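So the structure is just underneath, and the comments pick up after that.
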Amino acid sequence: MSAPSLLRRRAFGVLIAALTVAGPAVAPAPAAADTPTLVVVKTLAPVDDVHVMTLHNHDSPAPPHSQFLLLGGMRSTDARGYLRFDLSSLPEGVIRSAALRLAAVKTPVCGPVAREGIEVRRVTEPWAADFLHWGNTPLSTPEDAVTALADLPCGVPAGQTEWPVTGIVQDWAAGAENHGLVLQSPDESTDDGVWYFSSSENTSYSAPLLSVTMEVPSTPSASGLNVSQSHREGDRLWLAGTAPSMFTVVRDPAGGRLTAEFEIEHDPAVPGQGTGVIWSAMSSPTSNTPKPLVRVPAGLLEFGWQIRLRVRAHNVTAGTVSAWSPWQSATLSDVVPEITGPEMTPSQESGGVTVTTSLTPTFSATASHPFVDPLYVAFEIEHDPDAPEQGTGYIWSGAEPDDPASGARTQVTVPAGVLQDGWRLRWRVRANGGPFVSQSEWRTFTVDLDR
């Protein structure tokens, strides 16, 4: 049986549900007996790949960005390929199988010497892809080395090829330093031909890949409880709507279909408003988005209520669930910023019309809020709808560079080039405190430089 066939038999023997996920650094510790596990297939691209030949020396090192990896040997030269993979994204779990895959662009032509294929060995010393030559190639070990490809046809493109490197990857997981792999002739004295494989820089063929199949314990988690139309003040959450949306970020190193369970209940500190659970809901299971979302139905919550919220994650595939998050206290409020003393300077009243004699007037107002600080305060100008011949809609808005404190006076001057003499306009103030928004009524004025 060929090495690729052997690998496929081993991989299929453990492949229950193949799921591609990211996770923390690899650790080979087995899962607890009562912890459900899922099979995860993680595919890694090389962080370095380069081939080095006997003709490469200190003054002429191997090219680190070659389109091909040349391996094997002829009478005049030998060639090896070095690849390094970052295993830090592998989740905690048990490595069941691993395969190195390279696209063979051309196999050696048949010759008088029987081909031995290509051997993959674990490198035991550091190396640098940007300065590698035959004189500083790192040592490697025959431990768990694998030879394959000897039975491929001669002198043709062979497509995707494969080595079962389970033992080498398990060595790394067990603590051996990861200095990558070397691919070379099993016996470099035989001169049985040169192989051409695609490197990671080659866009015409598949890049080298390391595929690792693992059994990973399912440990779902929910990170953060986010609520729409909300403002946080210290450890307190203020909600500006009675039908908000809630979402969290769910993860599980084992992958699978994840969902989140949300719960809202009355704050026990205010029993007069009610007690116990108000509403709970489960989001739709998904394996595509880590941010499950639910919307609180209208009519369940009331302004003035003090409530608390929590969330937990479920892995539907594995049947596992996380602990509940800590309770998050929240208050529903419809209090918006109060705007007082809106003023335009210079301005005067003439025949019931407010007139400014400047093309750069200054607007000012005071905005305050009982629990949001600072506030965003902006002044807006647009054409007067009763004078459409001069234009319609928005003209300008301006705010101070830094948001003013609640209760502070804000003033902004209109820059030159915005207004024109004779225009009939209107202006207002808008104040934002997180989701709490208010605005003054429109006030009309006319620009008249001759007054």
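The values are calculated or read from the model by the stated rules, or taken from the named source; none is laboratory data. On a predicted model such as this, the values are computed, not experimentally measured, just so you know. Note that we place each Cβ from the backbone using ideal geometry, even for glycine, and neighbour counts take in every protein chain shown. Side chains included, ligands, DNA and RNA excluded: accessible areas come from the protein's heavy atoms. Shrake-Rupley method; radii C 1.70, N 1.55, O 1.52, S 1.80 Å.
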*asked:* Which one, L90, V353, L309, projects farthest toward the positive side of the charge dipole computed for the chain from Cβ point charges (K/R +1, D/E -1)?
replied: L90
*Please get the size of the charge dipole for region 64-217, origin at its Cα centre, with Cβ charges of +1 on Lys and Arg and -1 on Asp and Glu, quoted in debye to the nearest 20.*
360
*How do the peptides 337-343, 266-272 rank, highest first, by the average count of neighbouring beta carbon atoms within 10 Å per residue?*
337-343, 266-272
*asked:* What does the net charge come to around T248 if you take all other residues with beta carbon closer than 11 Å to its beta carbon, with K and R at +1 and D and E at -1?
replied: +3
*About the Cα centre of region 409-451, what is the dipole size in debye to 20, counting +1 per Lys and Arg Cβ and -1 per Asp and Glu Cβ, all else neutral?*
200
*Apply the Karplus parameterisation 6.51 cos²θ - 1.76 cosθ + 1.60, with θ equal to phi minus 60°, to every residue of region 224-231 and state each ³J(HN,Hα) to the nearest whole Hz, in sequence, with x for glycine and proline.*
x, 10, 9, 10, 5, 6, 10, 9
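Return the ratio Rg/(2.2 N^0.38 Å) for region 313-444, where Rg is computed over Cα atoms only.
Against the compact-globule rule of thumb, the ratio is 1.53.
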*At E201 and A174, where each label point lies 7 Å from the Cα along Cα→Cβ, what is the point-to-point distance in nanometres?*
3.6
*q = 0.11, 0.14, 0.21 Å⁻¹: log10 I(q)/I(0) that the Debye formula gives for region 211-357, counting C-alpha atoms only*: -0.54, -0.72, -1.24
*Would you please give the residues with an amide H less than 5 Å from that of T320, counting only those at least 5 places away or on a separate chain, with H modeled from the backbone geometry?*
N315
*Mind jotting down the three principal axis lengths of region 174-290 based on Cα atoms? Whole angstrom, largest first.*
89, 34, 29
*Sequence-distant residues sharing a close amide H with I395 (under 5 Å, placed H)*: I381, E382, H383
*When DSSP beta bridges are limited to those with both residues in the chain, what percentage is antiparallel, rounded to the nearest 5?*
95
*With each label point set 7 Å from Cα along the Cα-Cβ vector, what nm distance links Q273 and E188?*
7.5
*Place a +1 charge on the Cβ of each Lys and Arg in the chain and a -1 charge on the Cβ of each Asp and Glu, then give the dipole magnitude about the Cα centre in debye, rounded to the nearest 20.*
1180
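Please give the net charge around L44, taking every other residue with its beta carbon less than 15 angstrom from that of L44, where Lys and Arg add +1 and Asp and Glu add -1.
Numbers: positive: K42, R84, R101; negative: D48, D49, D86, E162.
Charge balance in the 15 Å sphere: -1.
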*Apply the Debye scattering formula to region 47-201, with a single equal point scatterer on each alpha-carbon and no solvent, then give log10 I(q)/I(0) at q = 0.09, 0.19 Å⁻¹.*
-0.27, -1.22
*How much accessible area per residue does region 133-217 have, in Å², with a 1.4 Å probe?*
39
*Among 60-73, 387-400, how do they line up from the highest to the lowest mean number of other beta-carbon atoms within 10 Å?*
60-73, 387-400
*asked:* Going 7 Å from the Cα of L300 along its beta-carbon direction, which residues of region 331-363 have the amide nitrogen within less than 20 Å of the resulting point?
replied: 331-334
*For the chain, with all protein chains present and a 1.4 Å probe, just round the carbon and sulfur fraction of the accessible area to a whole percent.*
50
*³J(HN,Hα), Karplus 6.51/-1.76/1.60, whole Hz, each residue of region 187-198, x for Gly, Pro*: 9, 6, 9, 8, 6, 9, x, 10, 9, 10, 10, 6
*Show the residues, 5+ positions off or on another chain, whose built amide H is closer than 5 Å to the amide H of W305.*
L332
*Which order, highest average first, do 409-416, 328-335, 165-172 follow once you tally other Cβ atoms within 10 Å for each residue and take the mean per peptide?*
165-172, 328-335, 409-416
*What list of ³J(HN,Hα) values in whole Hz, one per residue of region 351-361 in order, does the Karplus curve 6.51 cos²θ - 1.76 cosθ + 1.60 (θ = phi - 60°) give from phi, with Gly and Pro shown as x?*
x, x, 10, 7, 10, 10, 9, 10, 7, 10, x
*Using alpha-carbon pairs under 8 Å, 6+ residues apart, how would you state the relative contact order of region 204-262 in percent?*
37
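Remind me, relative contact order of region 374-436 in percent, using alpha carbon pairs under 8 angstrom and six or more residues apart?
Working: 99 pairs, mean separation 30.2, N = 63.
Relative contact order comes out at 48 percent.
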*Could you calculate, for region 369-441, the ratio of the Cα radius of gyration to the Kirkwood radius, expressed as Rg to Rh?*
1.04
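Per residue and in Å³, how big is the convex hull formed by the alpha-carbon atoms of region 166-226? Present the calculation step by step, with values, prior to reporting the outcome.
Details: hull volume 12.7 nm³, N = 61.
So the per-residue hull volume is 208 Å³.
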*As a check on your grasp of the helix formula, calculate [θ] at 222 nm for the chain: sum -39500 (n - 2.57) over DSSP H runs of n ≥ 4, divide by the residue count, round to the nearest 500.*
-1500 deg cm²/dmol
*Compute the Rg/Rh shape ratio of region 115-173: radius of gyration over Kirkwood radius, all on alpha-carbon atoms.*
1.03
*Assuming 0.692 mPa s and 37 °C, estimate D for the chain with Stokes-Einstein, Rh taken as the Kirkwood radius over Cα pairs, in µm²/s.*
116
*For the chain, calculate the relative contact order in percent as a whole number, restricting contacts to Cα pairs under 8 Å that are 6 or more residues apart.*
14
*asked:* Could you compute Rg(Cα) / (2.2 N^0.38 Å) for region 338-386, with N its residue count?
replied: 1.43
